[in-house]
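The next block holds one structure in the form of structure tokens; read it before the comments.
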Amino acid sequence: MKQHLRRNVIAYLALFVALGGTGYAASKLPRNSVGTAQIQAGAVTSRQVRDGSLLAKDFKRGVLPTVAGVAGAAGPQGPKGDKGDTGPAGPQGARGDTGPQGPKGDKGDTGAAGPSGDMTRMYLSSGSVTVPAGVTGVIVELRGGGGGGNYFNANSAGAQGALIRAYVPVTPGDQLTITVGTAGIGGSSGSAPGG
């Protein structure tokens with residue numbers, strides 16, 4: 001035993017100094033004197049950290065998993081926005097079906113009288129006629145009366161009357177005089193036929 005102590009006295013002495021110096025240094029450090037600058041990288045492991053003592057802000061971004069929170073209640077409706085601009089016109093739609101016929105409308109007012117058309121008049125007696133509005137010309141046809149025959153000679157008939165047709169310019173409102181003659185008078189025995 002004595003030999004063992006003699007041989008290892010130096011080793012025991014070094015061990016005692018080391019243990020004693022460490023305990024002395026630990027007992028003499030003031031509170032909160034060890035900070036980030038004094039701690040070497042990797043010196044603090046999970047064993048030296050008390051469970052539940054770290055906050056989320058103590059970890060680097062992306063280390064902690066993202067946990068979705070519970071959806072909150074819907075907020076109140078916002079105010080009505082301004083009216084937007086009018087959009088472009090859409091394409092023309094298909095033609096619809098023909099609707100039912102509507103009721104008959106009221107009779108319209110009588111229209112203005114139109115211009116006079118062609119007309120034919122025959123006069124068998126003398127008189128006058130007023131040229132109507134819109135008439136600027138007339139076609140006059142004159143037929144002469146037949147000549148008188150011989151009462152006693154059936155083969156001695158009177159000659160036919162002449163026929164004259166002509167266009168006569170007129171003015172609306174003019175008064176036209178019409179004179180109608182008679183046929184010839186038959187002659188007596190021995191006289192010449194009337195014309």
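General remarks:
- Close pairs from the range 95-111: first in contact (Cβ under 8 Å) with a residue 24 or more places away in the chain, partner in a loop (DSSP other than H, G, I, E, B), Cβ under 6 Å, at least 6 apart: none
- Test: residue in the range 167-182 that is out of contact with any helix residue (DSSP H, G or I) (no Cβ under 7 Å at 6 or more places or on another chain), part of a loop (DSSP other than H, G, I, E, B), surrounded by 12 or more Cβ atoms within 10 Å (Cβ to Cβ) and at pLDDT below 75: no
- Which listed residue is assigned to a loop (DSSP other than H, G, I, E, B), modelled with pLDDT of 85 or more and charged (D, E, K, R), from 61, 95, 50: 95
The values are calculated or read from the model by the stated rules, or taken from the named source; none is laboratory data. Remember, predicted model here, so these are calculated numbers, not experimental data. Using ideal geometry, Cβ is built from the backbone for each residue, glycine included, and neighbour counts are taken over all protein chains shown.
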